[in-house]
Amino acid sequence: MTSTPSPSPLAEGRVVRRGLAVLGRSIREEPRIFAVATAGASVFAAMTVASAVVLGVVTDRAIVPSFNAGTPRRGALLGAVLLLLGTAAVKSIGLVVRRISASMMQTRLQATYRRRVTRQYLRLPLSWHQQHSTGELLSNAHSDVEAVFYPIAPLPFSVGVLVMLVIASVVLVITDPVLALVGFVVFPALAVLNIAFTRQMQPRAMRAQQLRGEVSSVAHESIDGALVVKTLGREGEETARFQASSEQLRDEMVGVSRVRALFDPLMDALPNVGVLLVLLIGAFRVRSGAVDVGEVVTVAYLFTLLAIPIRGIGWVLADLPRSVVGWDRVSRVLDATGALTYGPTSVPPTDVPARVTLADVSFGYDDAVVLRDVGFDVAPGRTVAIVGPTGAGKSTLAALLVRLADPSAGSVQLDGTDLRELDRMSVPAHTAVVFQQSFLFDDTVRGNIALGADVDDAALEAAARLAQAHSFIERLPDGYDTVVGERGTTLSGGQRQRIALARALLRRPRLLVLDDATSSVDPSVEVAILNGLRDADLPSTVVVVAYRQSTIALADEVVYISGGRVRDHGTHAALLVRQPGYARLVTAYDVSAVAIDGDEPASPGAAPGDAAPAA
């Protein structure tokens, strides 16, 4: 087990200051609930000290006189019982108010920030998500948010402890200054122990929180890649990878437990030592007549009551490092840049197919340029096929058409308006995209197609028929009410694609983008789908990323892309004649096709593998 170095005093102070700043932010978020929780904690604190005072009074006025008289003074004892019960009742009310309010504040803050994180996920572009693992994002929204506000629950209690210490100090001084000196030694000693405890806990708590995120990432990646892991026989390696991360987390948590095991007995023992000192000194003070027995009982009982509350301050301080680490990880999400901005333009509902224009569009990931000066126009109601070799930028182009990302240069226009000028709901209201990897929820077929839309069964069935999905859906055990499992695992790839296509068609988009969305279905089914789309009464302009020649031939026009540039565009037949690179690409699966073992020299500036575009 590796040891964790102790932080410098400067680093400790910085962590505490930052942790207190996070607590201050939390209080500003929920000031009313915090005020109620603090009020309850203060009542509890006052009644805790009051119970010690009451016990001393009862001892002097009811218990000791009864012993002296040899018979119980029933009236005095009844009054003592009522006084103790009354104090306990008010103390319980303060406890209940504090606990409920503190828990409410903590859960409300966690829910608020989980919503903020997930909303930020929705705002951030696809390029940002591609730079972060799913496990990390899940950890940010769950365990990191939970860690940020973990100190909130004991915070009102700690504020109440401060109130309790002030009241207790006053009571001690009033009761007996000599006995008060014992308290003024024990209380600072407890504070010193708390500080030492915090210093030892800080680095371990921070490291443990970081490791929680790492373990979550490894676990999610292994589970998400279960098919690859099993087919390649990587179970042992993945188990070892997860075991290494888990053991690191275990070692850090064991270190945390060791620190607690060292300091908890000391913190428990110190108040008891104070009680023994009070009884010892108090006995001499009673014998000399300086104090009464009830006053010694008050001070001794007060020490026993203050042991756990004083440790509450240490609980908050110990959780501050974990809170700071969680806040740093959450802040990286909330402060992330690259969110899509929206304009004021709203596109009213209409059943007219959209005109799509790409004007000198360029796009890249980091330093890698994917698209360069891409420009073409799709007339309303037309079907255009985007064709090109792997890595040409076709999927990136599909993402730009539905504004999953913005181009770094140029513009993508819908009916002549730059997508960046449209308001938030205009693009999803008028466009739909179906990708090759079709995602289905763990829901029924009906739920996956409707996806929350308020539609009748007739419209839903019509969309399924158009996607050539109705026939196989009817053969499922419960038809449209069949639950498809997580990610649609009970269905084949082609069936998942057709359900995803039905989901898009149900919304009758004015622009329908199909990114190799029928690659897993039989060619005959694919032709039936595309013919159905052409013949259906849909208000849709269709852009399809295609590979099969039978699919491409059904398009009104083909845009041939290679190396991130548009090399040519026209009909399929025309491109077969004037673009040898295109011809070899689309006929690669034909028995009579010539094997692609190199392309003709391209014109200056063209990517390898493409002939010069036609004039």
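Just a few scattered comments:
- Given [x] 235; [y] 152; [z] 177, the label whose value is volume of the Cα convex hull per residue in Å³ derived from this model: [x]
- Taking 0.36 nm per residue of sequence separation and removing the Cα-Cα distance, the Val64/Leu451 pair yields an extension gain of 131.7 nm.
- Mean Kyte hydropathy of 1.6 or more with a Cα span along the axis of at least 24 Å, helices from DSSP in the chain: 31-58, 155-175
- Cα lying deepest toward the dipole's positive end in the chain, options Leu302, Ala354, Val324, charges on Cβ: Leu302
- Residue among Val186, Gly563, Val159 farthest towards the positive dipole end of the chain, charges placed on Cβ: Val186
- Shape of region 356-586, Cα gyration tensor, a/c cut at 1.5: prolate
- Computed helical MRE - 222 nm, the chain, DSSP H runs ≥ 4 contributing -39500 (n - 2.57), nearest 500: -20000 deg cm²/dmol
- Charged-residue dipole, Cβ positions (Lys, Arg, Asp, Glu), the chain about Cα centre, Debye nearest 20: 2860 debye
- Counting only Cβ charges, +1 for Lys and Arg and -1 for Asp and Glu, the dipole size of region 19-334 around its Cα centre is about 700 debye.
- Fraction of antiparallel bridges per DSSP, region 356-586 only, in percent to nearest 5: 55 percent
- Nearest-20 debye value, region 356-586 charge dipole, Cβ charges on Lys, Arg, Asp, Glu: 600 debye
- Within region 428-472, backbone nitrogen closer than 15 Å to the virtual label 7 Å beyond the Cα of Ile223 toward Cβ: 442
- Here the chain carries DSSP beta bridges of which approximately 50% are antiparallel, counting only pairs with both residues inside.
- Taking the charge dipole of the chain about its Cα centre, with +1 at Lys and Arg Cβ atoms and -1 at Asp and Glu Cβ atoms, the residue from Val49, Thr337, His132 reaching farthest to the positive side is Val49.
- Set against the 2.2 N^0.38 Å expectation for a compact globular protein, region 134-222 has a Cα radius of gyration ratio of 1.69.
Values in this text are rule-based calculations from the coordinates and carry no lab data. Computed from a predicted model, the values in this text were never measured in an experiment. Cβ coordinates were reconstructed from backbone atoms using ideal geometry, including for glycine residues, and neighbour counts include every protein chain displayed.
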